[in-house]
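A quick write-up on the structure given underneath.
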Amino acid sequence: MAEHFGKKVLYKEWKFDSMKERDFFIRFVENSGKKFAVHKSFKLVTKFAVGGYNQRGISYAPDFVIYSTEGTIEHVYDVKSGINQRAVDTAAKLRFKLFALKTGIPVEVVVPRKHDFKMKLFGFTDSDIQTAHAKYDHHKQLKLKSDGKPVYEYYNVYKNINYDIHDLIGN
């Protein structure tokens, strides 16, 4: 899911959840030379019985799945409008964790920008696996903690999808 209330956008044979998602696809996925899937669904939890009734299962359909030439998953992208609490809610973070548990591959939350994209990994116990960036408010003022130290966000910036996620998380 891209933006919760984004307008659906048709491009060629695909329907995207937002313009941001479509633009990420055009700029970084479509002509990358890599195999890919758009909105491929993965069953994370199958339905199960509770008492005399079934609980529904849980599925997750990332925006893009990128495959290696051998057919293994290289990247799983979920396009968002930001990397804060409003853009990535608790339910999405839970799906990301369940996906990583089932596949061993983290979901990469991406925020497209003019010439590149931010990529954030959620749920890791060590935020230092990604680069620290000082956080600024909408007036371009450095955000500070109560002790006067800067507030940091942790993410990486990429100009293409030709990087190895295992360089960040290990094998």
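What follows is calculated from the coordinates using simple rules that are stated; it is not laboratory data. Source: prediction; values computed, not measured. A quick note on method: Cβ atoms are made from the backbone with ideal geometry, for glycine too, and the neighbour counts reach across all protein chains shown.
About its Cα centre, how strong a charge dipole does region 9-169 have in debye, to the nearest 20, once Lys and Arg get +1 and Asp and Glu get -1 at the Cβ?
Result for region 9-169 is approximately 480 debye, rounded to the nearest 20.
Report for region 66-127 the percent antiparallel among DSSP-assigned beta bridges with both residues inside it, nearest 5.
Restricted to region 66-127, the bridges split so that about 70 percent are antiparallel.
N31 to T72: extension gain in nm, 0.36 nm per residue of separation minus the Cα-Cα distance?
Length gained, N31 through T72: 12.9 nm.
On a 20 Å Cα-Cα criterion, which of the cross-link pairs K12/K159; K114/K159; K93/K118; K102/K159; K80/K114; K12/K120 come out too long?
K12/K159; K102/K159; K12/K120
Taking 0.36 nm per residue of separation and subtracting the Cα-Cα distance, what length does fully extending R56 through L101 add?
14.3 nm
Taking the simple approach of a point 7 Å from Cα along Cα-to-Cβ for both A87 and K12, what is their distance in nm?
Going by the 7 Å Cα→Cβ label model, 2.5 nm.
So if we plug the beta-carbon distance of K114 and V45 into 1/(1 + (r/R0)^6) with R0 = 41 Å, what FRET efficiency do we get, rounded to 0.05?
0.60
Please turn the phi angles of region 84-100 into ³J(HN,Hα) values with the Karplus equation 6.51 cos²θ - 1.76 cosθ + 1.60 (θ = phi - 60°), one per residue in order, whole Hz, x for glycine and proline.
My calculation for region 84-100 gives 9, 4, 5, 7, 10, 7, 4, 4, 5, 4, 5, 4, 4, 5, 5, 5, 5 Hz in order.
Would you list, by chain and number, the aspartates and glutamates whose Cα falls below 16 Å from the Cα of K7, excluding same-chain residues fewer than 8 positions away?
Leaving aside aspartates and glutamates fewer than 8 places away in the same chain, those within reach of K7 are D17, E21, D23, D63.
Given the Cα atoms of region 72-171, and with Rh set as the inverse mean 1/r over their pairs in the Kirkwood sense, what is Rg to Rh to two decimals?
A ratio of 0.97.
Using modelled backbone amide H atoms (1.01 Å from N, in-plane), which distant-in-sequence or interchain residues come within less than 5 Å of H75's amide H?
Here I66 satisfy the definition.
Tell me the net charge near I165. Cut-off is 10 Å between Cβ atoms, I165 excluded, with +1 for each Lys or Arg and -1 for each Asp or Glu.
Net local charge, I165 excluded: -4.
Specify, per residue and in Å³, the volume enclosed by the convex hull of the alpha carbon atoms belonging to the chain.
166
Report ³J(HN,Hα) in whole Hz for each residue of region 127-143, in order, from the Karplus equation J = 6.51 cos²θ - 1.76 cosθ + 1.60 where θ = phi - 60°; Gly and Pro get x.
Going residue by residue, I get 6, 5, 5, 10, 5, 7, 10, 4, 9, 10, 7, 5, 9, 6, 9, 4, 7 Hz, with x marking Gly and Pro.
Which one of G51, L94, P62 has its Cα pushed farthest toward the positive end of the charge dipole of the chain, where Lys and Arg give +1 and Asp and Glu give -1 at the Cβ?
G51
What distance in nm separates the simple spin-label points at K145 and H133, each placed 7 Å from Cα in the Cβ direction?
2.0
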